[in-house]
Structure formats: structure tokens, C-alpha cells
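Okay, structure first, notes after.
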Amino acid sequence: MLRPYEVTFIIRLDLADEAQISATVNQVRGWIEANELGQVKKIDRWGRRKLAYEIEKQREGYYVLMESQIEPKAIDEIERNLNLSPFILRHLIVRTDA
């Protein structure tokens, strides 16, 4: 049963140009939609923002929010991929009530 989740992540700007940012967003979308265990409903690119505190010597990052429908058993694999990606500074997956 698919449940609503918000997947938010910050892309590093020191390693990424516009093409790499788009590739990273598409890669995360692919992880969510892999094996038909999820669907991305909306991608909201917040863009370049100043971080509240320095993370890995980075002061700015590119924020992305994906509203998704995901099978709960797929969350662990998505989080593992987000943790292993060299282009993602931080991520947060939250189940919504919508």
C-alpha cells in the first residue's frame, strides 16, 4: 500500500553544476520509482539557499522537495542510497497525512 511521503534533500554545490543537479534529482526520482514501489507526484526545486550551519565545509546547498507515494518497505533502501550518494549533503524523509 502506497503512503504519502515528503523526500527533502540538499545537493552539494562544490561538486555539482546545473547538469549534475538535474542528474542527481533524476537519480533520486529513479530510486523512489524503482521496482514500482513508489511514485513521485511533484518535484519542488527550492534552489540555492544558505545553510543554517556549515555542513562538510559547505555554506550553501541546492534544496529539493519531492512529494511522493512510497511503499513503506522501500524507505530503507531509498535512505541507504541517499546516504551513499556523494552529491547529497543531507536528506529527510517524512510521512505526511495527506
| Restricting region 34-66 to residues that are buried (at least 16 other Cβ atoms within 10 Å of the Cβ) and under 26 Å from D97 (Cβ atoms), the residue that is farthest from the chain's Cα centre (by Cα) | L37
| Scanning region 79-98 for residues that are closer than 26 Å to L13 by Cβ, among the aliphatic types (A, V, I, L, M) and touching a strand residue (DSSP E or B) at 6+ places or on another chain (Cβ under 7 Å), which turns out surrounded by the fewest Cβ atoms within 10 Å (Cβ to Cβ)? | V94
| message | Please count how many residues of region 44-71 are without any contact (Cβ under 8 Å) to a residue 60 or more places away in the chain and either of a type in the set (D, E) or out of contact with any Lys or Arg (no Cβ under 7 Å at 6 or more places or on another chain) (or both). | response | 13
| Given the chain, what strands (runs of 3 or more DSSP E) lie entirely inside it while holding 1 or more residues that are among the aromatic types (F, W, Y)? | 3-12, 38-55, 58-70
| task | Please work out which one of (1) loosely packed, with under 12 Cβ neighbours inside 10 Å; (2) in contact with a helix residue (DSSP H, G or I) (Cβ under 7 Å, 6 or more places away or on another chain); (3) basic (K, R) is the condition K73 fails and give its number. | result | (2)
| How about region 19-33: which of its residues are over 15 Å from Y5 (Cα atoms) and under 10 Å from the mean Cα position of the chain (by Cα)? | T24, V25, N26, Q27
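Let's see how each residue does on (1) more than 19 Å from N83 (Cα to Cα); (2) at pLDDT 95 or above:
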site: E6; (1), (2): no, yes
site: D14; (1), (2): no, no
site: I21; (1), (2): no, no
site: E36; (1), (2): yes, no
site: K42; (1), (2): yes, yes
site: G47; (1), (2): yes, no
site: A52; (1), (2): yes, no
site: I55; (1), (2): no, no
site: Q58; (1), (2): no, no
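The values are calculated or read from the model by the stated rules, or taken from the named source; none is laboratory data. Being a predicted model, the structure only gives us computed values, none of them experimental. Cβ sites come from the backbone with ideal geometry, for glycine too, and all protein chains shown count toward neighbours.
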